[in-house]
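Take a look at the structure set out below.
The values are calculated or read from the model by the stated rules, or taken from the named source; none is laboratory data. The model shown is predicted, which means the values in this text are computed figures rather than measured ones. Here the Cβ positions follow ideal geometry from the backbone for every residue, glycine too, while neighbour counts run over all protein chains shown. Heavy atoms of the whole protein, side chains included, go into the accessibility calculation; ligands, DNA and RNA do not. Shrake-Rupley method; radii C 1.70, N 1.55, O 1.52, S 1.80 Å.
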Amino acid sequence: MAELVAIETVTAAAVESLLDRAFGPDRHARTAYRLRAGTAPLPELSFAVIEDRALLGTIQCWPVRFLGDDGSEIPLVLVGPVAVAPERQQGGLGRRLTAAALAAADSRGLDLMLIGDPEYYGRFFGFSAAATADWRLPGPVERHRLLARGAGVPHGAGAIAPRVTAAA
């Protein structure tokens with residue numbers, strides 16, 4: 001039976017290896033990696049799935065911020081990547097990881113964003129692009145895939161940037 005554990009129980013090398021398998025070695029060129037620059041994943045929101053000591057999946061969440069054109073600065077959490085070993089995809093592990101991270105974020109009252117499939121993340125997890133139309137990111141993004149969720153998600157124009165925390 002696959003066990004959900006804190007990501008700190010898994011080595012960084014194992015996570016990187018799984019991410020390479022799930023997304024390919026060119027994944028570092030994606031805009032989401034620019035948003036993570038200089039930060040560390042939030043351990044209280046990041047999880048792994050282990051079975052027979054093998055890493056089957058991970059989710060990491062990262063501190064980012066919205067820098068509003070009106071001068072506001074609003075902390076957000078970037079959800080992802082969610083990675084599942086290719087041979088175990090389509091078995092619900094990604095949904096299980098995402099649900100765990102979102103439950104942890106909700107219990108802390110955090111506002112979330114991600115770059116992902118709007119049909120999937122909207123249907124199962126309540127994300128939408130309703131607030132993100134005027135957000136700017138440090139790289140290309142398909143606008144309909146820029147999603148957010150939470151009571152404090154900003155609706156104005158502004159930039160999303162890394163948020164360096166004490167843990168980084």
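Leaving out ligands, DNA and RNA, and with a 1.4 Å probe, what % of the accessible surface on the chain is carbon or sulfur?
That fraction is 54 percent.
Assign unit charges at the C-beta atoms only (+1 for Lys and Arg, -1 for Asp and Glu), then state the dipole size of the chain relative to its Cα centre in Debye, rounded to the nearest 20.
Details: 17 positive and 18 negative charges, 32 e Å.
Dipole of the chain, to the nearest 20 debye: 160 debye.
As a test of the formula, what do you get for the chain when each DSSP H run with n ≥ 4 contributes -39,500 (n - 2.57) and the sum is divided by the residue count, at 222 nm and rounded to the nearest 500 deg cm²/dmol? Write out the running numbers ahead of the final one.
Values: 4 runs with 41 residues, N = 168.
It lands at -7000 deg cm²/dmol.
Taking only the C-alpha atoms, wrap a convex hull around region 92-168 and report its volume per residue in Å³ as a whole number.
Numbers: hull volume 9.2 nm³, N = 77.
So the per-residue Cα hull volume is 120 Å³.
Using just the alpha carbons, could you tell me how many Å³ per residue the convex hull of region 35-101 encloses? Mind dumping the intermediate values first?
Numbers: hull volume 7.4 nm³, N = 67.
Cα convex hull per residue, to the nearest whole number: 111 Å³.
Alpha carbons only, please: Rg and Dmax for the chain, in angstrom.
Both quantities, over Cα of the chain: 15.4, 51 Å.
Pairing the Cα long axis of helix 12-23 with the longest principal axis of the chain, what angle in degrees results, from 0 to 90 and rounded to the nearest 10?
80
Label point 7 Å out from ASP69 along Cα-to-Cβ: which residues of region 130-149 have amide N under 12 Å?
Under cut-off, by backbone N: 133-136.
With +1 assigned to the C-beta of every Lys and Arg and -1 to the C-beta of every Asp and Glu, and no other charges, what is the dipole magnitude of region 1-68 about the Cα centre in debye, to the nearest 20?
On the way: 7 positive and 8 negative charges, 89 e Å.
The calculated dipole for region 1-68 is roughly 420 debye.
Give me the angle, in degrees from 0 to 90, between the Cα long axis of helix 93-107 and the longest principal axis of the Cα atoms of the chain, rounded to the nearest 10.
That helix lies at roughly 50 degrees to the long axis.
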